[in-house]
Structure formats: C-alpha cells, structure tokens
Amino acid sequence: MTAPDNDEVPTMECGVCQIDVPAGAFCGYCGGHLASEPKRGGLRWLRGLRGDTFGASPGESVLRPAITSSLFPHLPQGSRTPFRVGIALILAGLVLFAVVKMPAALITVAALGLPLLFVLYLTESAVYRDMSAWMLVLAGTLGAALGVGWVLLTGQMVARAYGVPMAAGLAIHHLMREGIMIPAGGMILMLVPTVVVRVLRPKSRESLDGFVIGALAALMFAAGATLTRLAPQFASGLLVHSRPFLSLLVEAILCGVTIPMTAAVAGGMFGIALWFKGQTSNPHEHPGRVRAWLLVLAIVVIVIHTGVAITDIMGMAQLRMLTVHVVMTAVVLVLLRIGVQLALMHEAPDPIEQHEPLLCIHCHHVVPDMAFCPACGVATRASSRASRNERRDARPVRVAAEGS
Ligand SMILES: [Zn+2]
Ligand SMILES: [Zn+2]
C-alpha cells in the first residue's frame with residue numbers, strides 16, 4: 001500500500017461482501033455488520049438490508065416509525081431535536097386553535113405547518129444547495145397549483161357533500177364512485193410534479209434527492225388542497241360553530257398531521273423509486289429488482305394514502321377514524337424506512353476513497369471516506385452533497401502526536 005506504515009488502517013474481510021475493508025463495526029462498501037456471516041438463499045440481493053441499523057440514523061431500527069429520521073433523512077441526530085419540537089408545536093397549535101375556535105389560525109397551522117417544517121429541513125441540511133433552486137421551486141409550486149386546481153375542479157361534488165371535507169377525504173356518503181375517483185385522481189396529480197422534474201433530467205440521481213422532490217411536491221399539493229377546501233368553509237363560520245370540539249380537533253389533526261405526512265411519504269417514496277440508480281458494475285447487485293421493489297413499496301403507500309381518505313366516506317366514528325389514520329401513518333413511515341434503507345444499501349455510491357479521512361456527521365468519528373461509515377454504519381449519502389463536499393474539501397488531518 002502507498003500509505004505510510006503508521007497511517008495504515010487495519011483491515012479485515014467483510015463477511016457479507018468478502019472485500020477487505022477497514023476494520024470497524026460496519027463494512028464501508030456494503031454497509032453490512034463486519035461480524036456477520038455471508039447470507040445464502042433466494043433473497044441474496046436482500047443481504048445486508050440490516051434491519052437493526054437504519055441507514056440514515058445510527059442505532060435506530062429500520063422498523064421503528066420515528067418521524068424525524070424518516071421524513072428528514074439528511075439531518076444528523078443532533079439537528080433533529082428542533083424538528084421534533086416543530087412537530088409538537090404544530091400539534092399543540094392545532095389543539096389550541098380548535099379549543100378557542102380560531103378558524104383562520106387553525107387552517108393556517110394545518111395547511112402550512114408541515115410544509116414549512118420541510119422547507120426548514122431543506123435549509124438546515126443544506127439540501128437546497130444540492131439541487132437547482134428552479135427544480136425545487138418547480139416541484140413546490142406545481143404541487144401547490146395542482147392541489148388548488150384539483151379542489152376547484154372537484155369543488156362542485158364536494159360542495160354537495162356536507163361536513164368532514166378533509167384534505168383528501170371527501171364526505172360523499174352517497175357517491176361512492178366519486179368518493180374513490182376523486183382521491184385516486186388526486187393521488188395521481190400529486191405525483192405529477194415529481195415525474196416532471198425527473199423527466200427534466202436532474203443533474204444528480206441520488207435516491208434521497210428524489211425523496212426530497214417527491215415529498216416537497218406532495219406536501220405542497222396537500223397544503224394547496226387543504227387551503228382551497230377549508231378556507232371558504234371556515235370563513236363562513238358555519239363549520240366551526242356548528243360542530244363539536246372533538247370533531248373539529250380530529251379533523252384538524254388529520255388535515256394538519258396525518259394526511260400531509262402520508263402524502264409526503266407517498267410522494268417521497270415515488271421519488272426514490274424514480275431516482276434510484278443501482279450499482280451496475282457489481283455482478284451481485286440487481287438494480288432492476290431493487291427498483292421494482294422500491295416501486296412496489298411506493299405503490300403500496302400511495303394505495304394506503306388513498307384508502308385512508310376513504311374512511312371519511314364510510315362515515316366512521318371520529319375517534320376510530322383518528323386511530324386508523326395514526327396507525328396507518330406509522331405503517332407508511334416504516335415502509336418509507338424500508339424503502340430508504342433498500343435504496344441506500346443498493347445505490348451506486350460516491351467514489352470510494354478508502355485512504356482519505358472523512359468526518360461522519362452522524363457519529364462524529366473520523367473514518368475512511370466510503371459508502372458507509374465503518375463506525376456507525378450510516379450511509380455517507382444520508383447527508384447533503386453540500387455537506388459532503390465541504391467535509392471533503394477540508395479533510396481532517398491526523399495529528400502525529402495523537403495516541404492510537
Ligand atoms: Zn461488505
Ligand atoms: Zn458514523
């Protein structure tokens with residue numbers, strides 16, 4: 001090796017991919033546990049899906065429906081707390097404004113709370129510097145415009161229905177056909193901006209870029225739809241004063257939290273599937289199969305998002321409806337994490353520079369610059385390109401006097 005002796009990083013063979021890699025807890029190439037045995041059998045391509053360590057958050061299981069590490073995957077652990085607080089504030093705001101019956105404030109928080117938090121995420125993680133501003137603006141405005149347009153277009157039908165006019169839910173008790181067709185049409189429209197941005201051939205094809213575009217478009221779509229539908233009804237005062245507090249609160253939570261969240265997951269997963277680019281050079285990889293799985297997962301989430309909207313039509317009791325929404329939100333968050341994990345474990349990584357040190361923003365260790373952090377196992381791509389470039393331009397320098 002070209003590196004001087006005292007700089008040599010000890011290596012060991014990865015049990016999963018059989019490559020000699022720097023010794024650590026995880027393989028820098030495939031992300032597998034270095035202690036694990038090679039897996040055989042029909043699902044070999046799934047090897048190292050690594051259920052116990054989520055690729056965007058060290059020490060978190062893939063199956064844990066954590067909101068911040070799922071919806072804001074580019075953020076390191078330390079930066080997530082303000083976003084947890086943000087979500088708690090949105091919830092508190094919804095409860096407060098439902099109690100004091102302030103319709104304008106309630107609609108504002110419900111429609112704009114999560115989209116605003118997502119925009120803050122783009123700035124906090126510097127993801128906005130990764131992508132052309134025009135692509136982000138296009139995804140956001142086209143999403144919002146389609147959301148508004150969709151509600152105006154279907155407004156006639158909605159106006160005929162009474163009450164429970166949720167973002168995606170339509171209280172068309174007597175019109176099952178429209179009740180399914182309208183949300184289904186909305187779902188398709190919600191995904192259009194993501195397809196448009198993808199067709200315009202974005203510079204990068206990292207799957208988390210696709211997530212950002214898809215989630216942003218879907219969130220803006222939901223916000224546009226909610227504002228357009230609820231504003232006139234709340235303004236009339238009818239809805240607020242004629243309805244019991246619980247019904248108002250449930251509607252506000254669905255409208256402000258669960259529906260935009262499942263929309264963001266659905267749009268984001270669709271984006272991941274469209275952006276995913278597998279490792280074509282590795283004969284053990286099956287990029288086509290991974291993409292197919294990502295697409296299947298995305299479709300399942302889109303169907304769940306549409307299906308949950310239909311609970312409104314069935315005239316379900318308020319608390320039961322809330323329970324269904326909350327449980328399904330947790331389910332789609334887990335599906336999102338499986339999708340993100342699948343994409344991160346199998347996408348073509350940045351060029352690997354095993355002998356160059358890089359600071360891991362998730363565990364704060366200086367580690368070899370590889371696809372995965374050998375210390376905590378997080379994918380190097382679970383940080384913005386801006387952050388990666390910055391850290392590569394100013395690589396940590398090994399101090400000779402430092403003990404080993
Ligand atoms: Zn490996
Ligand atoms: Zn790390």
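Bear in mind these aren't lab numbers, they're just calculated from the coordinates by the rules spelled out. Predicted model only: the values in this text are computed from it and were never measured. Methodologically, a virtual Cβ is constructed for each residue, glycine included, from the backbone with ideal geometry; neighbour enumeration extends over all protein chains shown.
Which distance in nm do the two modelled labels at Val326 and Asp350 give, with both placed 7 Å along the Cα-to-Cβ direction?
4.0
About its Cα centre, how strong a charge dipole does the stretch 68-346 have in debye, to the nearest 20, once Lys and Arg get +1 and Asp and Glu get -1 at the Cβ?
160
Given the Cα-Cα distance of Lys203 and Ala35 and 0.36 nm per residue of separation, how much length would full extension add, in nm?
Details: separation 168, 0.36 × 168 = 60.48 nm, distance 3.72 nm.
Stretched fully, the Lys203-Ala35 segment lengthens by 56.8 nm.
With a 10 Å radius around each residue's Cβ, average the other Cβ atoms per peptide and rank 110-118, 375-383, 76-84, highest first. The partial results should precede the final answer.
Details: 110-118: 22.2, 375-383: 23.9, 76-84: 15.6.
My ranking of the peptides, most packed first, is 375-383, 110-118, 76-84.
Counting only C-alpha contacts under 8 Å and six or more residues apart, can you give the relative contact order of the stretch 68-346 as a whole percent?
Over the stretch 68-346, the number comes to 25 percent.
Please find the FRET efficiency linking Asn282 to Arg84, where r is the Cβ-Cβ separation and R0 is fixed at 45 Å, and quote it to the nearest 0.05.
0.75
Cα gyration tensor of the stretch 68-346, axes a ≥ b ≥ c as square roots of the eigenvalues: rounded (a/c below 1.5), prolate (a/b > b/c) or oblate? Display every interim value, and only then the final one.
Working: a/c = 1.88, a/b = 1.61, b/c = 1.17.
Taking the square roots of the gyration eigenvalues as a ≥ b ≥ c, the stretch 68-346 is prolate.
Tell me, in nm to one decimal, what length is gained between Ile67 and Thr123 on full extension, where the rule is 0.36 nm per residue of separation less the Cα-Cα distance?
The Ile67-Thr123 span can extend by a further 18.3 nm.
Stretch Ala104-Arg243 to full length: gain in nm at 0.36 nm per residue minus the Cα-Cα span? Can you show the working numbers first?
Values: separation 139, 0.36 × 139 = 50.04 nm, distance 1.58 nm.
Gain on stretching Ala104 to Arg243: 48.5 nm.
Taking H as built 1.01 Å from N, whose amide H comes closer than 5 Å to the amide H of Met12, not counting residues under 5 places away?
Val21, Ala23
In the stretch 259-394, if the dipole is taken from +1 on Lys/Arg beta carbons and -1 on Asp/Glu beta carbons about the Cα centre, which of Gly307, Asn282, Leu333 is farthest to the positive end?
Gly307
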